[in-house]
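Single-structure report; data block below.
The values are calculated or read from the model by the stated rules, or taken from the named source; none is laboratory data. Predicted model, so just to flag it, every value in this text is computed and none were measured. Cβ sites come from the backbone with ideal geometry, for glycine too, and all protein chains shown count toward neighbours.
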Amino acid sequence: MKKYRYTLLVCIPLFTLPLLLSNLTLGKAEEIRRFHLEAEMAHFQMVMLDTTLPNGYNYLFAGSGVCQKCHGYDTLGVASVDAFGEDVNVVDDWKATMMANSAKDPFWRAKVSHEVLLYPQHQAAIEDKCTSCHASMGHFNAKHLGAAHYAIAEMVADPLAMDGVSCLACHMQSPEGIGFSFSGELKYDTFKVAYGPYMAPLVSPMLTETGYKPKFSPHVSGAGICAGCHTLMTETLDFQGNTTGNKFVEQATYHEWLNSVYNDTVTCQGCHMPNLDKWPVHIVTGAMTEPRNPFFLHELTGGNVTMLKLLQDNIGPLGITAGPAQFDEVIEKTMALLQNKTLQLDLQLLDRDLDTARFSLKLTNMAGHKFPSGYPSRRAFVEFVVENEAGDTIFVSGKTDGEYEVFGQNPTYEPHYQVINSEEQVQIYEMVMGDVNGDVTTVLTRADHPIKDNRLPPAGFTTTHPAYDTTIIAGDALSDPDFNHDNGTEGSGSDMVYFHIPTGGETGLLHVSARVFYQSAPPKWMDEMFGHNSPEIDAFRTMFDAADRTPVLIKSAEIFAEPIVSSTVVPAKTSFIRLYPTPTFDGRIFVESSLEHDVQVFDPKGRLVRTMRSKSGRYELHLQERGVFLVQFKTKNGRVQTENVVVQ
């Protein structure tokens with residue numbers, strides 16, 4: 001895609017050019033050709049001073065405008081272009097990302113304000129912790145100079161803090177303790193070094209122009225450099241503001257990656273900063289360096305389409321340095337990541353009779369961490385729709401209303417389901433925080449434990465991994481034998497949801513669709529915060545109400561269920577279970593099967609009430625309560641038979 005630029009930069013220290021030229025020995029003086037014409041040099045000098053990115057320094061760090069001089073757009077089309085001549089400069093790719101705008105993010109600013117309103121006595125500690133990642137170059141510099149805390153007010157007045165997760169926020173991180181320092185406890189080298197992934201970098205241009213010495217270190221290409229901010233533990237407060245001694249895991253994306261098959265093969269950068277691999281790229285015009293291979297694109301795509309659109313709509317009020325076209329590009333790349341590298345769906349018809357059509361939906365996580373991951377507001381949900389031949393909807397679960405909220409949810413939170421047989425049930429993958437009283441909260445400082453965490457784990461995730469204590473599964477998903485299990489083996493990174501759809505005698509063709517949507521800022525999460533007022537909350541509320549908050553479609557699947565051609569039951573697969581009597585008057589059911597299988601019994605509300613493993617032959621199943629129960633039998637090779645049992 002063509003990029004639109006509004007800054008022009010030359011990528012060589014201008015005052016060092018005569019020194020370079022004086023060393024050329026090309027024979028006669030008239031044969032010496034200057035790299036740029038004098039008119040070009042004058043124009044470049046003027047343009048280099050005209051940048052919206054911060055050009056200044058604090059004691060330790062430099063703003064991204066300093067780096068832009070050599071790593072931004074090259075007017076000559078030599079540096080930072082790929083094999084097709086497309087500009088891939090790292091600064092312009094970064095400018096419209098959530099990382100670049102971490103200190104300007106109005107949702108984050110509003111949430112910090114909300115926490116401080118509830119606990120003003122802890123304002124210094126709350127703001128200090130939050131700015132340690134969202135404004136690390138201001139925060140660390142202040143601490144290095146002896147400050148006890150770093151406040152939001154100081155951040156707003158500090159251009160380098162407002163530069164967000166800028167160039168040196170990553171490239172000055174020390175290799176010491178990398179991957180073992182969390183919760184914003186970042187370690188920086190303090191002797192003006194810029195670590196990079198290339199061996200034997202040319203030192204003099206960067207050192208002369210910026211004062212920073214480029215240095216090779218493999219740690220900048222490893223996942224550990226992301227660990228300091230993408231694993232966050234916070235202290236729990238009770239309602240009086242007392243610390244309880246407990247720590248809550250707000251996010252553990254890095255630890256989720258550790259607890260996966262990807263930790264030996266794909267780093268965070270492998271997905272979020274893809275490289276051009278076979279296409280070498282010159283990184284500085286005029287410097288005598290070989291083209292770099294691989295060249296890492298600083299796209300830094302995540303999944304937060306909603307917030308990117310909100311930032312794009314408020315470039316002026318938020319003081320954002322990127323333009324609308326740059327946001328368009330980042331949004332497009334974010335959508336591509338979400339829709340192509342996040343999730344797989346497999347929708348199957350199991351069986352169908354005059355009363356019920358039964359389907360399975362398998363969701364498999366393709367990401368190297370939980371999906372969703374990160375801040376607990378994020379969630380994914382399943383929309384499941386069944387239509388008859390005339391196009392009339394006979395069942396729908398997971399529809400949203402005009403405010404983009406999901407119909408059918410419980411007032412507090414929706415439990416994890418194994419079987420959905422009612423439109424009032426919807427499968428939502430999320431983390432739900434609980435306070436010291438066990439109630440649902442969206443206040444991070446009150447978070448004591450997860451009440452629910454059924455976010456899809458990555459492939460290879462196990463409950464025996466050393467990092468499981470920060471990446472736990474919580475709630476009903478723990479008792480779901482299909483959650484992160486495939487044929488009894490842990491680590492599938494998948495979940496199987498069964499939909500038992502009442503058809504009311506419908507015998508014709510059925511069109512069935514399953515769609516999974518993602519929301520980074522669902523309305524329900526905002527309710528508690530929007531009950532308060534502060535300049536930051538009020539400003540964000542206005543932006544949020546005006547924003548395009550349409551849930552992002554991640555993946556979809558559809559099938560057709562063939563008509564029933566007679567009044568008899570037409571199972572999709574041959575029955576391997578025989579059970580009797582039904583109905584039963586004493587709750588005793590006899591089961592016969594020649595195939596080994598597992599058994600799950602669900603009550604009329606879809607709750608799992610009993611599990612039996614590795615059954616075969618003839619045995620007895622005893623149900624002690626009255627009602628209509630659903631009994632599911634599943635063989636080791638995946639054959640499933642589901643029966644309704646009536647206990648009178």
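Odds and ends about this structure:
- Entry remark, the range 138-149: residues being in contact with a helix residue (DSSP H, G or I) (Cβ under 9 Å, 6 or more places away or on another chain) and over 18 Å from ALA227 (Cβ atoms) number 6 in total.
- In summary, strands (runs of 3 or more DSSP E) completely within the range 303-421 and bearing 2 or more residues that are of a type in the set (S, T, N, Q) occur at 343-352, 356-365, 393-397.
- Test: residue in the range 580-595 that is within 35 Å of the chain's Cα centre (by Cα), part of a strand (DSSP E or B) and of a type outside the set (A, V, I, L, M, F, W, C): no
- Test: residue in the range 237-248 that is surrounded by fewer than 20 Cβ atoms within 10 Å (Cβ to Cβ) and under 17 Å from the mean Cα position of the chain (by Cα): no
- Of the numbered criteria (1) farther than 30 Å from THR442 by Cα; (2) in the same structural domain as LEU363 (by TED's automatic domain parsing); (3) not aromatic (Phe, Trp, Tyr); (4) not in a strand (DSSP E or B), the one GLU536 fails is (1).
- Residue list for the range 292-302, restricted to those being crowded, with 17+ Cβ neighbours inside 10 Å, at negative phi and outside any strand (DSSP E or B): PHE295, LEU297, HIS298, GLU299, THR301, GLY302
- Condition met for VAL266 (over 21 Å from SER377 (Cβ atoms), part of a loop (DSSP other than H, G, I, E, B) and under 27 Å from the mean Cα position of the chain (by Cα)): yes
- Filtered residue count, the range 269-286, keeping only those that are assigned to a loop (DSSP other than H, G, I, E, B), within 29 Å of GLY368 (Cβ to Cβ) and either at pLDDT 95 or above or not basic (Lys, Arg) (or both): 7
- Which numbered condition CYS133 misses (of (1) at pLDDT 95 or above; (2) assigned to a helix (DSSP H, G or I); (3) surrounded by fewer than 16 Cβ atoms within 10 Å (Cβ to Cβ)): (3)
- Residue in the range 328-342 that is touching a Phe, Trp or Tyr at 6+ places or on another chain (Cβ under 8 Å) and farther than 30 Å from PRO604 by Cα present: yes
- Checking each residue in the range 249-264 for being within 12 Å of HIS465 (Cα to Cα) and surrounded by fewer than 17 Cβ atoms within 10 Å (Cβ to Cβ) picks out only VAL261.
- Residue match in the range 158-172 (condition: surrounded by fewer than 21 Cβ atoms within 10 Å (Cβ to Cβ) and either of a type in the set (Gly, Ala, Ser) or at pLDDT below 95 (or both)): no
- Residue under evaluation GLN123, criteria (1) out of contact with any Ser or Thr (no Cβ under 8 Å at 6 or more places or on another chain); (2) touching a residue at least 40 places away in the same chain (Cβ under 8 Å); (3) in a helix (DSSP H, G or I); (4) among the polar types (S, T, N, Q), criterion not met: (2)
- On inspection, THR289 qualifies as closer than 20 Å to PRO197 by Cα and either part of a helix (DSSP H, G or I) or of a type in the set (Val, Ile, Thr) (or both).
- Of the criteria (1) crowded, with 16+ Cβ neighbours inside 10 Å; (2) over 40 Å from the mean Cα position of the chain (by Cα); (3) not aliphatic (A, V, I, L, M), which one GLN648 fails: (1)
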